[in-house]
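Written below as structure tokens is the structure these notes are about.
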């Protein structure tokens, strides 16, 4: 590059810097501004007035509605993109005013945006309500369509009102649509109420006539019900009963007379004879069930009275038995409570008996029996402190007695085997767990064992002889050594004496030291070559 060209390049670089730097600063400021707006927070300039709490709350409410409710409405197509854009522009003006330190203008703009948004959301809610009402009202029209024949004018009025509401919904006149849907519902509600009242009256008339065996009147009433409501189960069943009584009404009335006189078994017998010719007759089957129910009620009352009389005589087992038999026929809350009360009274009496028996068993040293009695008492009355204490004591003594007996038996066993130290240990354990009261046989055995152990508590002189070539050892007493003769003082027990000699078979001898045997001698010599 020539000397003349260098100044031109420097000038060009300077001009570019002058153009780019302001643009870069503008972009940064826009980015910072956008980030503040997107976060729903407006940062005023240092010279701006302080934003009060109410205005900040208003701004946050608007931003939240724009971000959540209205964005969802836009996504679902409930508001137009143009409307949303216009609302956002107004919100942007409010943000700008707030950032510029113009709180009054910002509040005015924010309130305008909020009112517009809330009005739109209310309209959307009304539209949703209209759509829901359309579905529910249509379902009600379908459900009550069976009343169309009997109440044609009213039903047609409901259909006409529904169609008008549907038209308003299509035209987006939501308030009118909601009003007409609600009117349709009211018409249908009134229609159903009148129909139910009329049907109830007819059904009552039909049942009354049927009970009086006036079959013609009953038939007419039930048929009228079915004309209004062809699916009415009660009317259908009523007509079935009318047909079932045709030709046998006189016989049925005679049976009814027996039943009214309390002669239930006779009425049942006559009914069975009549039903033999028509076993599937629904009226006769129903009447049979009714007579059986009255017999059951009579028996129930008799058992109940017997139970009451037994309770008055403090015969709780009989009172409970008869009341349970009555409840097996028919259960009532009152008698169930009475049964519980009876069982509580019986339990109290049984509890007194158990506590007395348990105490007596403890006193006599029959711990297992006492434990069984007190255990029954705690099951009968878990809250009884006396029963729990008795069970604990009986169980403790029963366990102690078992330990005492087992240790005593072990002591006798080891005495028989000549293992007196072990026998003494178990005897001492037996004494540490000895109950205050023991059986006479155990007392006798205890004295016998004590006498034996006392004799066997003294050291005994034992002479060990060998050939001076055999290594003799006694486990725990004598280390391996070659001896000719050695005198030892040993406590009565069972010892293992071992003899070893190179080239000869090892010898093991069990030595039983007994204080009742004097001058014990043992010879240990390995003489059998390998």
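Observations, loosely collected:
- Residue 286 paired with residue 68, simple spin-label distance in nm, labels 7 Å along Cα-to-beta-carbon: 6.0
- Eigen-decomposition of the gyration tensor built on the alpha-carbon atoms of region 407-455 gives equivalent ellipsoid semi-axes of 18, 11, 9 angstrom, largest listed first.
- Region 204-232 and region 95-159: distance between their alpha carbon centers, rounded to Å: 47
- Each of 474, 483 was scored by other Cβ atoms within 10 Å of its Cβ. Listed from fewest to most, they are 483, 474.
- Where only alpha carbons of region 65-143 are counted, the Rg and the Dmax (Å): 17.3, 63
- Crossing angle, helix 440-455 versus the chain [Cα axis fit, 0-90 degrees, rounded to tens]: 60
- When the alpha carbon gyration tensor of region 458-530 is reduced to an equivalent ellipsoid, its three semi-axes come out at 23, 11, 10 angstrom, largest first.
- Using only alpha carbons, region 144-246 has a radius of gyration to Kirkwood radius ratio (Rg to Rh) of 1.22.
- Summary value for region 154-239: 21 percent relative contact order, contacts being C-alpha pairs under 8 angstrom separated by 6+ residues.
- When its C-alpha radius of gyration is set against 2.2 N^0.38 Å (N residues), region 295-339 gives a value of 1.02.
- Gained length - residue 379 relative to residue 96, 0.36 nm times residue gap less alpha-carbon distance: 93.7 nm
- Rounded Å value of the spacing that divides the Cα centres of region 474-518 and region 276-290: 102
- Rh (Kirkwood; distinct C-alpha pairs) - region 381-530, Å: 18.4
- The label point for residue 491 and the one for residue 142, both projected 7 Å from the Cα toward the Cβ, are 10.0 nm apart.
- Once the mean of 1/r is taken over each pair of separate Cα atoms and inverted, the chain shows a Kirkwood hydrodynamic radius of 39.2 Å.
- Compared with the dominant principal axis of the Cα atoms in the chain, helix 5-38 is inclined by about 80°.
- Using a Förster distance of 60 Å, the FRET efficiency for residue 243-residue 336 (Cβ separation, nearest 0.05): 0.90
- Acute angle (nearest 10 degrees) that the helix 264-276 long axis makes with the longest principal axis of the chain, alpha-carbon atoms: 70
- In region 289-410 the Cα-Cα distances spread across 5 Å bins starting at 0 as 2, 11, 16, 13, 11, 10, 9, 8, 7, 5, 4, 3, 1, 1, 0 percent of all pairs.
- Structural descriptor for region 406-464: relative contact order 34 percent, calculated from alpha carbon pairs under 8 angstrom and at least 6 residues apart.
- Annotation: extensible slack from residue 213 through residue 198 equals 3.1 nm (criterion: 0.36 nm per residue apart, minus Cα-Cα distance).
- In percent, rounded to a whole number, the relative contact order of region 308-348 is 42, using alpha-carbon pairs under 8 Å and six or more apart.
- Each principal axis of the Cα atoms in region 349-457 has its own extent, and those three values, largest first, are 56, 20, 16 angstrom.
- Working note: Debye formula, equal point scatterers on the alpha-carbon atoms of region 95-203, no solvent; log10 I(q)/I(0) at q = 0.11, 0.14, 0.24 Å⁻¹ is -0.51, -0.65, -1.16.
- Residues 345, 416 in ascending order of nearby Cβ atoms (within 10 Å, fewest first): 416, 345.
- Percent breakdown of C-alpha pair distances by 10 Å bin, ordered from the shortest bin, for region 345-388: 33, 56, 11, 0
Read-outs: derived from the displayed coordinates by stated rules, not from any lab. What you see is a predicted model, and the numbers here were worked out from it, not measured in a lab. Cβ sites come from the backbone with ideal geometry, for glycine too, and all protein chains shown count toward neighbours.
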